[in-house]
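Pasting a structure here, questions to come.
The values are calculated or read from the model by the stated rules, or taken from the named source; none is laboratory data. Being a predicted model, the structure only gives us computed values, none of them experimental. Here Cβ is always computed from backbone atoms with ideal geometry, including for glycine, and neighbour counts include all displayed protein chains.
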Amino acid sequence: MTSPTEQQLIPDGDAPDPRANGPFAAMRRVLPSGEVIRFLLVGGFNTAFSLVLYSALVIVFGHLLPHSVKPLIADIAFVLSTPVGITVAFLCYKHFVFRTHGNYLKEWLRCFAVYSVSFPMGLVILPTATHLFQRVALTRLYAPFLAGIVNSIVIACYSYFAHKKFSFKR
């Protein structure tokens, strides 16, 4: 007899159900089954999605607030874009990378817990990196965007292991 958790998982090596529907089903049939490869693909997508959302908010608030408060603009954009980015990442990790079933609320809260460790780091990294990039003439205009990239790289390195061992542990 299997445990309820084992019944809810799709083993990593199993071929995807050819009758499956949905946005991830076609990709699962075409791509290799390796969890790390899928994580990197989702990570690339989510990084791009989150950076575009963050950048759009930086642009919006850049027009609304004066240039002298760029570090504050970066924080505002980060605080608003992060929950949306985490939710999109959660859905991709759940259905495409770790392939778990059920437990939506529990796994979503665990996903937020993983990112909550990195969230305060972002509030330090972003204004610090923005300030440093503003000191270099060539990067001054792009300072909050470059700070967002630095922050994303740090979080990506940490998140795979945290999600694998905590958010979607098998």
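Could you check the range 120-170 and list, in sequence order, the residues that are among the basic types (Lys, Arg), without any contact (Cβ under 8 Å) to a residue 24 or more places away in the chain and either touching a helix residue (DSSP H, G or I) at 6+ places or on another chain (Cβ under 7 Å) or buried (at least 17 other Cβ atoms within 10 Å of the Cβ) (or both)? Step through it out loud before you land on a result.
First, pick out the residues of the range 120-170 that are among the basic types (Lys, Arg): 135, 140, 164-165, 169-170.
Okay, now just the ones that are also without any contact (Cβ under 8 Å) to a residue 24 or more places away in the chain, so 135, 140, 165, 169.
Within the range 120-170, just 140 meets the criteria.
Condition test on residue 82, is it polar (S, T, N, Q), at pLDDT 90 or above, closer than 23 Å to residue 44 by Cβ and under 17 Å from the mean Cα position of the chain (by Cα)? Before you say what the answer is, go through the steps one by one.
Details: polar (S, T, N, Q): yes; at pLDDT 90 or above: no; closer than 23 Å to residue 44 by Cβ: yes; under 17 Å from the mean Cα position of the chain (by Cα): yes.
No, not satisfied.
Same structure again: Can we say residue 71 is modelled with pLDDT of 85 or more and over 29 Å from residue 22 (Cα atoms)? Give the steps one after another, and end with the answer.
Working: modelled with pLDDT of 85 or more: no; over 29 Å from residue 22 (Cα atoms): yes.
Spelling it out, it is not the case that residue 71 is modelled with pLDDT of 85 or more and over 29 Å from residue 22 (Cα atoms).
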